[in-house]
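Inspection log for the structure reproduced underneath, given as structure tokens.
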Amino acid sequence: MAVIRQLLAVPMQTGATSDIQSGIARKAGVLWCTRHRDESARSRSVMVFVHPSSNFMAHYALEPLARLGIDAVGMTTRYLGNESALQLENCVVDIGSVLHHLREEGYEQIVLAGNSGGGGVVALYQDQARTPTITSPPAGGAPDLTQAVLPAADALVMLMAHPGRSSVLTEKIDPAIIDEADPFRRDPELDLFHPDNGPPYAKEFLERYWAAQVARNRRITAWTQERLAELPELSDGRVDDLPFVVHGTMADPRNLDLSLDPSDRKATTQWGPPYRANLSPATLAHFTTLRSWQSQWSYDLSNGHGPTRLREVDVPVHVVYGTADPGCYPGHARSLYDAVPHDRKLLTPVVGGGHYLYGQPEQLDFTVRLLADWTRSL
């Protein structure tokens with residue numbers, strides 16, 4: 001079978017706003033996608049892979065799925081490669097634009113696949129496509145999802161996914177940091193990396209640690225609300241957002257204590273050794289804004305908690321997880337699966353599978369065949 005790759009330019013529903021740094025992207029007003037398909041014929045089904053900010057135009061599953069007879073699209077949101085000002089509600093609108101485009105092309109069946117951080121956002125998307133209720137992001141303003149074009153998907157895949165950005169950050173945020181401006185001022189009694197605390201970690205330490213993680217997330221949320229209320233008026237309009245830095249975002253006890261949510265993983269993270277990853281600028285949520293924090297990362301305010309959004313889902317759902325994934329755990333997969341209220345759901349482990357299936361040809365082949373067979377069975 002000969003597979004062709006096509007570049008799709010999908011018009012955005014809403015005008016690109018100043019939360020996109022690139023003027024080219026704002027003026028173009030398009031979402032870029034790649035489609036892999038059989039050169040001789042388009043299939044009746046298409047699987048769309050999405051993440052809030054990652055570039056999925058070269059997703060590892062696209063070409064293998066096309067070779068198995070399932071058209072596959074890797075889409076981007078307006079926040080391609082830069083999540084610092086991301087609002088999940090705009091990601092929902094962008095997914096709607098792509099699904100509308102594919103429906104207009106004539107696809108009979110669309111499977112929406114949320115990979116990694118895409119799991120929570122596809123759950124939010126399907127929830128709002130079914131019954132739109134969100135009229136603005138947590139900090140206010142556009143978009144109003146009740147006015148957006150949001151065609152429902154026919155099935156959902158959660159692939160190596162966690163429950164949502166707010167919950168996964170709260171599980172990983174470092175509660176030992178006592179000064180938001182200085183990550184090296186630390187409370188030793190809550191320091192995951194202090195040898196006196198573990199690993200392994202005692203039950204009493206973990207209970208205090210988890211409570212302190214939620215408390216730190218809530219302190220940051222309260223500060224963003226206060227700061228937004230204080231922003232000044234200018235002669236040409238109000239300052240409506242500001243950036244800030246969050247230190248210590250990769251301090252999950254499960255990365256060091258493998259007895260917690262046991263799996264085949266190693267004691268590391270997707271970004272390398274935990275202590276270094278915790279402070280590395282390239283890891284989770286280090287750069288954000290007042291509004292983006294509330295939409296993406298706030299434990300209490302974000303709309304993107306996957307299990308909550310799946311409670312009313314009425315389409316088939318397949319949760320697929322890797323047993324050696326260092327960042328998305330069996331407990332994450334189970335929470336997504338258990339939230340689905342009907343029995344047209346599957347929970348499938350990829351034995352030995354890592355987060356990206358990089359350098360794992362057997363696990364990659366198993367995964368794409370699993371997805372192709374499941375899609376044909378719908």
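The condition (being open to solvent by 60 Å² or more (accessible area, probe 1.4 Å), of a type in the set (Asp, Glu) and over 30 Å from Ser45 (Cβ atoms)) is satisfied by just one residue among Asp174, Asp236, Asp191: Asp236. Could you look through region 228-255, keep only residues that are over 23 Å from Asp182 (Cβ atoms) and of a type in the set (A, V, I, L, M, F, W, C), and pick out the one that is farthest from the chain's Cα centre (by Cα)? Residue satisfying both the conditions and the ranking: Leu234.
State whether one or more residues within region 81-92 are within 18 Å of Ala155 (Cβ to Cβ) and touching a residue at least 12 places away in the same chain (Cβ under 8 Å).
Yes, there is a match, as at least one residue in region 81-92 is within 18 Å of Ala155 (Cβ to Cβ) and touching a residue at least 12 places away in the same chain (Cβ under 8 Å).
Restricting region 90-123 to residues that are in a helix (DSSP H, G or I) and over 19 Å from Phe56 (Cα atoms), the residue that is most open to solvent (accessible area, probe 1.4 Å) is Glu104.
Pairs linking a residue in region 169-189 that is under 24 Å from Glu83 (Cβ atoms) to a residue that is aromatic (Phe, Trp, Tyr) and open to solvent by 50 Å² or more (accessible area, probe 1.4 Å), with Cβ atoms under 6 Å and 6 or more positions apart or on different chains, are Thr170/Tyr299. If you go through region 281-310 and keep only what is among the hydroxyl-bearing types (Ser, Thr, Tyr), at pLDDT 95 or above and under 29 Å from His194 (Cβ atoms), you end up with Thr288, Ser298, Tyr299. Of all residues in region 113-135, those satisfying the criterion of being more than 11 Å from the chain's Cα centre (by Cα) and not hydrophobic (A, V, I, L, M, F, W, C) are Tyr125, Gln126, Asp127, Gln128, Arg130, Thr131, Pro132, Thr133, Thr135.
Every residue, every condition in (1) touching a residue at least 12 places away in the same chain (Cβ under 8 Å); (2) open to solvent by less than 50 Å² (accessible area, probe 1.4 Å); (3) part of a loop (DSSP other than H, G, I, E, B), yes or no:
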position: Asp240; (1), (2), (3): yes, no, yes
position: Phe244; (1), (2), (3): yes, yes, no
position: Ser259; (1), (2), (3): yes, no, yes
position: Asp264; (1), (2), (3): yes, no, yes
position: Tyr275; (1), (2), (3): yes, no, no
position: Ala282; (1), (2), (3): no, no, yes
position: Thr288; (1), (2), (3): yes, yes, no
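Of all residues in region 218-233, those that are in contact (Cβ under 8 Å) with a residue 60 or more places away in the chain and open to solvent by 70 Å² or more (accessible area, probe 1.4 Å) total 3. Of all the criteria given as (1) touching a residue at least 40 places away in the same chain (Cβ under 8 Å); (2) open to solvent by 30 Å² or more (accessible area, probe 1.4 Å); (3) assigned to a helix (DSSP H, G or I), the one not satisfied by Asp338 is (1). Listed conditions (1) over 23 Å from Ser280 (Cα atoms); (2) more than 22 Å from the chain's Cα centre (by Cα); (3) of a type in the set (Asp, Glu) are all met by Asp261, apart from (2).
The values are calculated or read from the model by the stated rules, or taken from the named source; none is laboratory data. Remember, predicted model here, so these are calculated numbers, not experimental data. Every residue, glycine as well, gets a Cβ built from its backbone with ideal geometry; the counts of neighbours run over all protein chains shown. For the accessible areas, the whole protein counts, side chains as well, though only heavy atoms, and no ligand, DNA or RNA atoms are used. Shrake-Rupley method; radii C 1.70, N 1.55, O 1.52, S 1.80 Å.
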